[in-house]
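S.K.: Quick one: this structure, given as structure tokens, is what I'll be asking you about.
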Amino acid sequence: MTGDRLAIEASGLTKRYGDVTAVRDLTFTVRPGAVTGFLGPNGAGKTTTMRMLTGLVTPTSGAATIGGQPYGRLAQPSRTVGAVFDGNAFHPGHTARDHLGVYAAMAGCPDGRVAELLDLLGLAQAADRRTREFSTGMRQRLSLATALLGDPRVLLLDEPSNGLDPEGMSWLRGLLRRLADEGRTVLVSSHVLHEVQQVVDDVVVIRRGELVAAGPWSRLTGPPTVLVTSPDATDLAAALTAGAGSVEPAGPGRLRVRGLDAPRVADLAADHRLRIHELVTETTNLEQLFLDLTTDTAEAR
Ligand SMILES: Nc1ncnc2c1ncn2[C@@H]1O[C@H](COP(=O)(O)OP(=O)(O)OP(=O)(O)O)[C@@H](O)[C@H]1O
């Protein structure tokens, strides 16, 4: 399979339920070999979009394709796409091993695949417990195991972090990274930015069913700035400007510098025998960015 054959594409995707437009004219691409965060507040239309990508919901207009084909036309859907949706149902009397065994048989998975996944998903110890005893986090792991059974190259995960504790979150991020590094296409939705920001390469942000931003995370957050405090701020500003930095005042004795990293700022200060009392690299406040992207400006007018 070439890389392009693994891309997810939404093109003018729209879904209306009566008067409610859940998703409106959504166009984006999700590339293989990366983790893409599908972000937006509750009710933004993430689940509806993911359901359209997997053929569970029929778009009112527009198209959703995976590797250039609508989900329904894929030759081996369960071997191409693995999906996890909130509220995945398990038979309460089945053990995790039973549950995976049923799906493995349906997907024609080789022997040993169930044990492999129980291990990969950290469920080996709980393999023979009935799913009715499972915590939300264990259910999430079992959903993920089910999605991964057919060794799919494309993964669509709707809020997979729901119910995971911090350790589970960190484990999930590691798993997502690994799956993407193996060349898979990984689309993961979340309404909580900080849960995914450490792992996503790209983002697609929606609000009220419409696209707000899409692209590499680094492009959306911009380059870091450096905040420097110095009793020699005036001379330091001149030295940094001469060193190709862009400098603006940020309070008494304090400068905000763009275009130079912290070591370069420190080196230039040392070259000019100027004192530094504090040096901080500022990354964009991502929560604020997310808030800005998702706040409905129409309401503010
Ligand atoms: N079957 C349906 N019938 C009517 N309205 C629906 C249906 N499914 C979704 N909606 C509406 O479409 C909008 C988008 O819902 P959706 O579940 O896709 O959002 P979401 O971003 O996944 O939210 P959450 O994070 O809360 O799951 C909401 O206003 C929702 O009420």
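S.K.: Within the stretch 113-135, does at least one residue satisfy the condition of being in contact with a helix residue (DSSP H, G or I) (Cβ under 8 Å, 6 or more places away or on another chain), open to solvent by 50 Å² or more (accessible area, probe 1.4 Å), farther than 30 Å from T27 by Cβ and of a type in the set (S, T, Y)?
M.R.: no
S.K.: Exactly one of (1) more than 21 Å from the chain's Cα centre (by Cα); (2) at pLDDT 90 or above is unmet by E133. Its number?
M.R.: With respect to (1) more than 21 Å from the chain's Cα centre (by Cα); (2) at pLDDT 90 or above, E133 is out only on (2).
S.K.: Taking the stretch 173-191 on its own, how many of its residues are surrounded by 15 or more Cβ atoms within 10 Å (Cβ to Cβ) and either without any contact (Cβ under 8 Å) to a residue 24 or more places away in the chain or within 15 Å of the ligand (Cβ to nearest atom) (or both)?
M.R.: 5
S.K.: What number of residues in the stretch 234-259 are among the small types (G, A, S) and either outside the structural domain of R273 (by TED's automatic domain parsing) or touching a strand residue (DSSP E or B) at 6+ places or on another chain (Cβ under 6 Å) (or both)?
M.R.: Residues that pass the stated criteria total 6.
The values are calculated or read from the model by the stated rules, or taken from the named source; none is laboratory data. It should be emphasised that the depicted structure is a prediction, and the values quoted were computed from it without experimental measurement. Glycine also receives a Cβ, built like all others from the backbone with ideal geometry; neighbour counts cover every protein chain displayed. All accessible areas refer to the heavy atoms of the entire protein, side chains included, with ligands and DNA or RNA removed. Shrake-Rupley method; radii C 1.70, N 1.55, O 1.52, S 1.80 Å.
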